[in-house]
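The values are calculated or read from the model by the stated rules, or taken from the named source; none is laboratory data. The structure displayed is predicted, hence computed values, not measured ones. Cβ coordinates were reconstructed from backbone atoms using ideal geometry, including for glycine residues, and neighbour counts include every protein chain displayed.
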Amino acid sequence: MTVRCDLNVNGKSRRVLVVAKEEETLDHVALRLCAAILFFDAEPALDVSPSDPMLEDVGFFPDLLVPDGVGGIAVWIECGNVAENKMTKVARRIKQGRLVILKESVEGGKRLREVIKKEVRNGEFIEVWAWPRAEFSKWTAAIKESTYVYGEASGQTLNLVLNEAAFDVQLVSC
């Protein structure tokens, strides 16, 4: 699935293309779109090249990435399921940046937080943000190949219209 998006967020406009990789589900694409909106003001990169110098020491690729402006990583964003090995290595290698993981439900976010507590060294620095389940179902249902978003995003809060569906959602920190 490819989603062509006209984003009008926080008084600025931008067109983005969210292209699903072969293995990505609609839920994953929906989380990537959400991340692009939540970090809209920081102009996140939705596709990062394997040859990008920021990634040379990491060994993995993010779902989205916010550069820090001086060749480093300000925010590394993962969506949905993330392998324990990846979380551990990314958390260790992006010392100055943030690692944010978006989840489809609060229950899934809490389960991930438990895994992080038990298995990931310095896991308290990993941020897990989760959608209320009913709101995420509404979010995914509203996404179309041609999507229009208008509204505001700040921190973990979305106050916007996606196509014709209105959202006033606070993602939960897990």
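Couple of notes before you dig in:
- Tabulated pairs, segment 4-28, first within 13 Å of residue 43 (Cβ to Cβ), second outside any strand (DSSP E or B), C-beta under 7 angstrom, 6+ apart or interchain: 7/37; 7/40; 9/37; 9/40; 10/40; 10/41; 16/36; 16/46
- Residue identified as within 17 Å of the chain's Cα centre (by Cα) and more than 22 Å from residue 143 (Cβ to Cβ) among 35, 45, 91, 30: 91
- Looking only at residues of segment 95-115 that are among the β-branched types (Val, Ile, Thr) and assigned to a helix (DSSP H, G or I), we find that the one that is surrounded by the most Cβ atoms within 10 Å (Cβ to Cβ) is 106.
- Hits in segment 116-131 (condition: assigned to a helix (DSSP H, G or I) and of a type in the set (Gly, Ala, Ser)): 123
- Residue 26 falls short on exactly one of the conditions (1) over 28 Å from residue 133 (Cβ atoms); (2) modelled with pLDDT of 90 or more; (3) surrounded by fewer than 17 Cβ atoms within 10 Å (Cβ to Cβ), and that condition is (1).
- The set of residues from segment 153-174 being surrounded by fewer than 16 Cβ atoms within 10 Å (Cβ to Cβ) and under 16 Å from the mean Cα position of the chain (by Cα) comprises 154, 155, 157, 170, 173.
- Test result for residue 58, without any contact (Cβ under 8 Å) to a residue 60 or more places away in the chain, more than 30 Å from residue 163 (Cβ to Cβ) and not in a strand (DSSP E or B): yes
- Residue satisfying condition, being hydrophobic (A, V, I, L, M, F, W, C), within 18 Å of residue 32 (Cβ to Cβ) and not in a strand (DSSP E or B), within set 74, 141, 153, 134: 141
- Some residue of segment 127-146 being more than 18 Å from residue 167 (Cβ to Cβ), surrounded by fewer than 19 Cβ atoms within 10 Å (Cβ to Cβ) and without any contact (Cβ under 8 Å) to a residue 60 or more places away in the chain: yes
- Extreme residue, surrounded by the most Cβ atoms within 10 Å (Cβ to Cβ), among residues of segment 43-69 that are hydrophobic (A, V, I, L, M, F, W, C) and within 21 Å of residue 8 (Cα to Cα): 64
Conditions (1) within 19 Å of residue 16 (Cα to Cα); (2) modelled with pLDDT of 85 or more; (3) of a type in the set (Gly, Ala, Ser), marked per residue:
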site: 50; (1), (2), (3): no, no, no
site: 76; (1), (2), (3): yes, yes, no
site: 85; (1), (2), (3): no, yes, no
site: 97; (1), (2), (3): no, yes, yes
site: 106; (1), (2), (3): no, yes, no
site: 112; (1), (2), (3): no, yes, no
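Each row is one residue, and each column tells you yes or no for (1) over 23 Å from residue 93 (Cα atoms); (2) not in a helix (DSSP H, G or I).
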site	(1), (2)
3	yes, yes
7	yes, yes
15	yes, yes
21	yes, yes
24	yes, yes
28	yes, no
31	yes, no
47	no, yes
51	no, yes
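- Candidates 90, 149, filtered to the one that is surrounded by 14 or more Cβ atoms within 10 Å (Cβ to Cβ), of a type in the set (A, V, I, L, M, F, W, C) and more than 26 Å from residue 11 (Cβ to Cβ): 90
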